[in-house]
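The values are calculated or read from the model by the stated rules, or taken from the named source; none is laboratory data. Nothing here was measured: the structure is a model prediction, and the numbers come from that model. All Cβ positions, even for glycine, are placed from backbone atoms using ideal geometry, and neighbour counts span all protein chains on display. Ligands, DNA and RNA are excluded from the accessible area calculation, which covers all protein heavy atoms including side chains. Shrake-Rupley method; radii C 1.70, N 1.55, O 1.52, S 1.80 Å.
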Amino acid sequence: MSNIGISAMHMQLLNNDRVIMYDRTDFGASNISLPNGKCRNNPKDLALKVDCTAHSVEYDVSTNSIRPLMVQTDVWCSSGSATSDGTLVQTGGFNDGRNMVRTFKPCSTCDWQEIGTGLIQGRWYSANQILPDGRQIIIGGRDAFNYEFYPKTASTNKVFSLPFIQQTNVPKEENNLYPFVFLNVDGNLFIFANNRAILLDYTTNTIVKTYPQIPGGDPRNYPSTGSAVLLPLKNLQAQTIQAEVLVCGGAPIGSYLKAARANTFVGALNTCGRITITDPNPQWTMETMPLARTMGDMVILPNGNILIVNGAAAGTAGWGIARNPVLSPVIYRPDNPFGSRFEVQNPNAIPRMYHSTTVLLRDGRVLVGGSNPNELYNFTRVLFPTDLSLEAFSPSYLDSNSTNLRPQIISPASHKTIKYGQRVNIRFTLSGSLLNTNLIKVTMVAPGFNTHSNTMNQRMLVLSSEKIKKTGIFTYQISSIFPNSGKLAPPGYYMLFVVNQDIPSEGIWIKIQ
């Protein structure tokens, strides 16, 4: 789609197959009007006090159509997550939005609801994570060296100091914003900021493990802006479950100030660090990417491979201070032998620079949007104009020559509610090829909230499954056991896939609780 009316700076897929996107409210009029003559009246706005254009839209994947939405306070550089009932809860922002909480329910006529000052600390460039009990924790942000919870209880109606966020703050450069946060399998939080990581027991505000600095010591968070994923979790019935984190790209220390002050654009990092965060003595393993990249996005695909897309080869995040767009995506195969995990893909034509976004769709494609919104939606006389387009990356598993390998789920029905530890029979068809039962797996993927190369709550689990039974000419049944706790899979909606020889079915929505 060539024009959605706004620049997709933030993205979240909801369980009705619609993607909520928004940019910022203080940049003047967008390119899409609010419906029915509605206007936003905000005397605190920095650009337009009365604005009759939308700064958020809902994209309907099935019809490839856009619906304008109205958000009141400034959502620029905010964070969020889809909670256990499927509602997008969005936190913080800039100016009058810093302490705000807003919600969006997945329905065809719903719009943003502004709850008000639900945050004690103003949050700008913070990170959110859904917890095993369904609450979300909001960590860090500019000048916010602490964390808090939403919703709050009597015992959590305050901020909790986190000196680690202050210790990783570089004067005038920061490099610790939008920290990478992952829920570990023991229920603690792995938090990576700048070039270091800790394991936090948020229930006691105790650091239970300090990880070694990533080799090389270069920063990986905003504005140096690498990306990170928790690799797919497997062997979920085992006594001990292994969890690995992959951190890729970024920019060398000092890059932001050199670009912003001296117009000197330092080459981006071409390394990834991989660490088993559950090891008693965890160590980083470094790998070399085929393409150096800052502001890249990492998306877990339904087969467990990782897509690395978007970004630049020089400079950093920030207004117009990156150069050399990286147009070729890369696939990372975590289960391949060391040295043979990366594969460069066909390039796209549109530079996706600062403020680009990506989300995985249920059909296996990856939606890509955003890039370099300029003040007053400037489309001319700038190196990288404001981009209002959406496009989709189709991984090779969607090639037509894979059609006869692609399963199709026939039961359970989409939106089935499943309890922790429940065994579920999943029936699927495979019409065009003989089935190799050793090459079938069932995966579940949590849809993440993406902004600034940070996909919050992105998570894949490979279900423990028993032998496949043939139930008809082209029909099969696999019995899968779902994760047994919210520490493994926080409650909420996931996309469920059957994967045959690395070719995934279209997903169905399931809700685990």
Quick calc, S108 & V170: beta-carbon distance into FRET formula, R0 41 Å, rounding 0.05, result 0.35
Could you let me know the centre-to-centre spacing of the range 425-475 and the range 317-389, using Cα atoms, in angstrom?
27
Only loop residues by DSSP count here, and only those with at most 13 other Cβ atoms within 10 Å; note down the trypsin sites (Lys or Arg not before Pro) in the range 375-426 that meet that.
R381, K419
Give the accessible surface of the chain per residue, rounded to a whole number of Å², with probe radius 1.4 Å and ligands, DNA and RNA excluded.
36
Sequence-separation-based contact order of the range 106-177, relative, with Cα cut under 8 Å and 6+ spacing, percent:
22
If you average the sequence gap of Cα pairs under 8 Å that are 6 or more apart and divide by the length of the range 52-204, what percent do you get for the contact order?
13
³J(HN,Hα), Karplus 6.51/-1.76/1.60, whole Hz, each residue of the range 129-138, x for Gly, Pro:
9, 6, 9, x, 8, x, 5, 10, 9, 10
Please work out the Cα center distance from the range 1-25 to the range 199-242, rounded to the nearest Å.
28
In debye to the nearest 20, the charge dipole size for the range 10-398, taken about the Cα centre with +1 at each Lys and Arg Cβ and -1 at each Asp and Glu Cβ, equals 420
Straight-distance crosslink candidates among aspartates and glutamates, where the alpha carbon sits under 15 Å from K511 and sequence neighbours closer than 8 are dropped
D17, D85, D133
Binned Cα-Cα distances of the range 157-316, short to long, each 10 Å bin given as a whole percent
11, 39, 34, 14, 2, 0
Using 0.36 nm times the number of residues separating T471 and A262, minus their current alpha carbon distance, what extension gain do you get?
68.5 nm
Give a residue-ordered list of calculated ³J(HN,Hα) values for the range 474-481 (Karplus: 6.51 cos²θ - 1.76 cosθ + 1.60, θ = phi - 60°; whole Hz; x for Gly, Pro).
10, 10, 9, 9, 10, 9, 10, 9
Protection-proxy order for peptides 262-268, 348-354, each taking the mean of Cβ atoms within 10 Å per residue, highest first
348-354, 262-268
Binned at 10 Å from zero, the C-alpha pair distances of the range 1-158 give percents of 11, 41, 35, 12, 1
Distance violations [Cα-Cα > 32 Å] among K152/K416; K105/K158; K152/K258; K416/K469; K419/K469; K38/K158
K152/K258; K38/K158
Do any cysteines in the chain lack another Cys Cβ under 4.7 Å, and if so which?
C77
Give the aspartates and glutamates whose C-alpha is closer than 15 Å to that of K441, dropping any in the same chain fewer than 8 places away, or say none.
D335, E466, D502, E506
Would you mind computing, in nm to one decimal, how far apart the modelled labels at N205 and A349 are, each placed 7 Å from Cα along Cα→Cβ?
5.5
What's the long-distance tail for the chain, i.e. % of Cα pairs beyond 37 Å?
23
With a 1.4 Å probe and all protein chains in place, put S328, S340 in order of accessible area, largest first.
S340, S328
How much net charge surrounds E148 when only the other residues with a Cβ under 9 Å from the Cβ of E148 are counted, with Lys and Arg +1 and Asp and Glu -1?
+3
If I ignore ligands, DNA and RNA and count only protein heavy atoms, how much of S161 is accessible to a 1.4 Å probe, in Å² to the nearest 10?
70
Give me the percent relative contact order of the range 10-398, please, defined on Cα pairs under 8 angstrom at least 6 residues apart.
9
Sort the range 384-484 into rounded, prolate or oblate with this rule: let a ≥ b ≥ c be the square roots of the eigenvalues of the Cα gyration tensor; rounded if a/c is under 1.5, and if a/c is not under 1.5, prolate when a/b is larger than b/c, oblate otherwise.
oblate
T156 accessible area, assembled protein chains, probe 1.4 Å, Å²:
10
In whole Hz and in residue order, list the ³J(HN,Hα) couplings for the range 322-336 that follow from phi through the Karplus curve 6.51 cos²θ - 1.76 cosθ + 1.60, θ = phi - 60°; x for Gly and Pro.
10, 9, 6, x, 9, 8, 9, x, 10, 9, 10, 9, x, 8, 6
Compare the peptides 107-115, 122-130 by average per-residue count of other Cβ atoms within 10 angstrom and give them in order, highest first.
122-130, 107-115
